[in-house]
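The values are calculated or read from the model by the stated rules, or taken from the named source; none is laboratory data. Keep in mind that what you see is a predicted model, and the values were worked out from it rather than measured. All Cβ positions, glycine included, derive from the backbone under ideal geometry; neighbour counts span all protein chains shown.
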Amino acid sequence: MYSRNYFSPSVSFSLPAVAFLAAVGMVLIIAKSEALAQDCKPLHGHFIEQVFVPTGPDCNSPVGFCVRGRAIGVLKGDFLATLTSAIPSQDTPITAVVFFTVDLVLHTRDGDLLMKEAAASNQDPNGHGDLGDVVTVVGGTGKWVGATGRLRVWGNLTATEIDVNYEGNVCLP
């Protein structure tokens, strides 16, 4: 990547290395300017009153169920989380952890916030139903048109125990 001239204390970079460093610098500058152009708000709160909804008129999950509930905190409103996949791993028989993808729609007074979740959950019926996931904001309606961002979600979620938190940010253009 660089060559050293042993007759002087300077370091010289090859032309491809300089071009690469310049490209990386431009990407960082553009990314920072786009972030500054957006209005990003930090978020935190809880998902409560969650109930499992089987496939039917209110749930079109290809996997067989949805979760309906309410968001409180910075984000407020009712939501429907539609499971789009449930993927066990080779270790699921030992860990009881299954990976899920979810389409989440949060209905707020300012419009719908659309999100995609990627989650890992321990569905051991004798355990606490540990849940950890990353939620990616993919847009919305009303105030949320063009929204981006990420939330971290963690807690316990089983048929009998519900204690789920969120934190992260949502950015508006």
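Some observations on this one:
- Residue match in the range 106-113 (condition: touching a residue at least 40 places away in the same chain (Cβ under 8 Å) and closer than 20 Å to residue 59 by Cβ): yes
- Inter-residue pairs, beta-carbon under 6 Å, first assigned to a helix (DSSP H, G or I) and in the range 139-150, second among the aliphatic types (A, V, I, L, M), 6+ apart: 144/113
- Test result for residue 168, at pLDDT 95 or above and assigned by TED's automatic domain parsing to the domain that holds residue 60: yes
- The range 54-67, residues that are β-branched (Val, Ile, Thr) and crowded, with 18+ Cβ neighbours inside 10 Å: 67
- Residue 83, sole failed condition from (1) within 16 Å of residue 54 (Cβ to Cβ); (2) over 18 Å from the mean Cα position of the chain (by Cα): (2)
- Filter result for residue 96 (free of Cβ contacts under 8 Å to residues at least 40 places away in the same chain and under 11 Å from the mean Cα position of the chain (by Cα)): no
- Residue match in the range 101-117 (condition: in contact with a helix residue (DSSP H, G or I) (Cβ under 6 Å, 6 or more places away or on another chain), surrounded by 15 or more Cβ atoms within 10 Å (Cβ to Cβ) and modelled with pLDDT of 95 or more): yes
- Enumerated strands (runs of 3 or more DSSP E) restricted to the range 41-132, each holding at least 2 residues that are among the polar types (S, T, N, Q) and under 22 Å from residue 160 (Cβ atoms): 111-122
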